[in-house]
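**Student:** The structure under discussion is supplied below as structure tokens; questions concerning it will follow.
The values are calculated or read from the model by the stated rules, or taken from the named source; none is laboratory data. Because the structure is a prediction, the values reported are computed rather than measured. Note: ideal-geometry Cβ built from the backbone for every residue, glycine included; neighbour counts use all protein chains shown. Quick note on the areas: whole protein, heavy atoms, side chains included, nothing else; ligands and nucleic acids left out. Shrake-Rupley method; radii C 1.70, N 1.55, O 1.52, S 1.80 Å.
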Amino acid sequence: MKQSLGRIGVWWLLMLGSVHAAQYEWSVVKAPSQLYVGESGLVQYRCLFDNSAADYTVVFKPEDAKNYQASMVTQNDHVSNGKRMLTFDVLITPNAAGIVEVKQRVLIRHTTFASIENATIGRDNVRKYDFNDEKVQMPRVTIRAMANTADLSGEITLAVQVDKVKVRSHEPVHLSLFVRGRGNLHQFVPYELNISGVKGFSEPAHKELSLGERGYEGEIRQEFALVAEKSYVIPPFSLSVFDTKTHTSKILRSQPITIEVEKGYVPGNLLDAHEISDYTVWKRYGMYGLFILLGIILGEVSRRLWRYRPQVEKRRAFWDSAATEKELSVLLSLRGDIRYADIIRMLDEGIVNVDGAKKKLRALISVHEGKR
């Protein structure tokens, strides 16, 4: 297989790089010397190569142990002054009191010269790179874990609120509980609310948390719906917290909340009959009956009187059929009535139209009938 000059050059550079394999060194930049159980501390590891180490891959996944939890916060990989440097920030949280030995392992993968040569030159029988994997023990970190029995550790607050304090019977009250701050909030145990005579419904705790250098930061919200027939008191919520800022234990406690329940409309009560001896009820029923009877009588009288109502029919005048001034003038002239002379003249001269003439005729006839 004929090789190009460029491929030969690449091959030669890679061969020189493989002769001088990169050297690296692990170190601990910072780490806490002591922590309380549940308190989180940041351990920073650093790996420094003596060159750019482009043919090296570093894979680090922190692992929990029996007496502590380990979580990756951030990692950084960059080259400065021709040397590659990797930094890993790991959050360590002790689970039990005593001496905590933090032991972590990392995978360092080196791409072999033969693999690079085959891929660069283009041999057909090579389909993937070959690697040399090495499990490296990272520097050991010793932390003294001190006893702590608090539910949570960190800088944490507790808040409780309801949407209303006065309701009707069977109307729900919505209760919201908030735990906010930073610390080991991921270990929060949801509350169970049991109140005598109250039916409670709850949703799973909603967590909005992000991992930072001081632990988990954010908010935890728990929602309840409470339904009752009688007034009741929501007891205080309490949470034991170890304050990592002052290194003191304290109890966070909410205030009791009184819920006043008023009587609502019970369907069964709407159908209950009143006692016969209740004079007011009988009087009310009597008035209802009297009004009903009066309505029946008035309706019957109105129905009979309607039969004898006068039947007034509108009389039709002989000129109503006229549609034009000329036609109306001819009809009036044929009548030979001297009373229509002025109206005929106004129609012939165009002083009035058909509608105006008909109005004058109705007025003329009304005056004549009134004199009679």
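**Student:** Nearest 0.05, what FRET efficiency do residue 219 and residue 105 give at R0 = 25 Å with Cβ-Cβ as r? Let's see the in-between values first.
**Tutor:** Numbers: r = 35 Å, r/R0 = 1.41.
Step by step, r from the Cβ atoms, then E = 0.10.
**Student:** Could you rank the peptides 193-200, 175-182 by their average count of other C-beta atoms within 10 Å per residue, with the highest value first? Before the final figure, lay out each step's value.
**Tutor:** Working: 193-200: 12.6, 175-182: 18.6.
Packing proxy ranking, top to bottom: 175-182, 193-200.
**Student:** Just by accessible area at a 1.4 angstrom probe, what is the order of 211, 252, 226 from largest to smallest? Please report the intermediate quantities before stating the final value.
**Tutor:** On the way: 211 55, 252 30, 226 5 Å².
Order by accessible area, largest first: 211, 252, 226.
**Student:** Moving to a separate point now. For residue 59 and residue 155 in the same chain, what is the full-extension length gain: residue separation times 0.36 nm, less their Cα-Cα distance, in nm?
**Tutor:** Numbers: separation 96, 0.36 × 96 = 34.56 nm, distance 3.29 nm.
Separation in residues times 0.36 nm, less the Cα-Cα distance, equals 31.3 nm.
**Student:** Could you give the dipole magnitude of segment 142-245 about its Cα centre, charging the beta-carbon of Lys and Arg +1 and that of Asp and Glu -1, in debye to the nearest 20? It would help to have the intermediate numbers written out before the result.
**Tutor:** Details: 12 positive and 13 negative charges, 39 e Å.
Dipole size: approximately 180 debye.
**Student:** With +1 on each Lys and Arg Cβ and -1 on each Asp and Glu Cβ, and nothing else charged, work out how big the dipole of segment 206-258 is about its Cα centre, in Debye to the nearest 20. Write out the running numbers ahead of the final one.
**Tutor:** Values: 7 positive and 7 negative charges, 46 e Å.
It comes to approximately 220 debye.
**Student:** For residue 168, tell me the accessible area in Å² from a 1.4 Å probe, rounded to the nearest 10.
**Tutor:** 110 Å²
**Student:** Need the full-extension length gain, residue 238 to residue 282, defined as separation in residues times 0.36 nm minus the C-alpha distance. One decimal, nm. Before the final figure, lay out each step's value.
**Tutor:** Numbers: separation 44, 0.36 × 44 = 15.84 nm, distance 5.77 nm.
Extra length from residue 238 to residue 282 when fully extended: 10.1 nm.
**Student:** Compute, for segment 28-73, the length of the dipole vector about the Cα centre, with Cβ point charges of +1 (Lys, Arg) and -1 (Asp, Glu) only. Units Debye, rounded to 20.
**Tutor:** Details: 4 positive and 5 negative charges, 24 e Å.
Here segment 28-73 has a charge dipole of around 120 debye.
**Student:** While we're here: Please give, to one decimal in nm, the separation of the simple spin-label points placed at residue 327 and residue 250, each 7 Å out from Cα toward the Cβ.
**Tutor:** 10.4 nm
**Student:** Calculated FRET efficiency, residue 320 and residue 364, Cβ-Cβ r, R0 22 Å, to nearest 0.05?
**Tutor:** Details: r = 15 Å, r/R0 = 0.67.
The value I calculate is 0.90.
**Student:** Between residue 80 and residue 131, with labels modelled 7 Å along Cα→Cβ, what's the label distance in nm to one decimal, could you check?
**Tutor:** 2.7 nm
**Student:** OK, next. Once the piece of chain linking residue 28 and residue 349 is laid out straight, how much longer is it, given 0.36 nm per residue of separation minus the C-alpha distance between them?
**Tutor:** Numbers: separation 321, 0.36 × 321 = 115.56 nm, distance 12.42 nm.
Extending this stretch completely gives an extra 103.1 nm.
**Student:** Separate question: For segment 186-242, state what percent of all Cα-Cα pairs lands in each successive 5 Å bin, counting from 0 Å until the bin that includes the largest distance.
**Tutor:** Pairs per bin, as whole percents: 4, 14, 21, 21, 15, 10, 7, 4, 2, 1.
**Student:** Further question on the same structure: For a 22 Å ceiling on Cα separation, which of these pairs sit above it: 61/135; 30/245; 103/207; 199/263; 166/199?
**Tutor:** On the way: 61/135 12 Å; 30/245 19 Å; 103/207 30 Å; 199/263 17 Å; 166/199 17 Å.
In this structure, 103/207 exceed 22 Å between Cα atoms.
**Student:** Further, regarding this structure: Not counting ligands, DNA or RNA, and with a 1.4 Å probe, what is residue 284's accessible surface area in Å² rounded to the nearest 10?
**Tutor:** It works out to around 120 Å².
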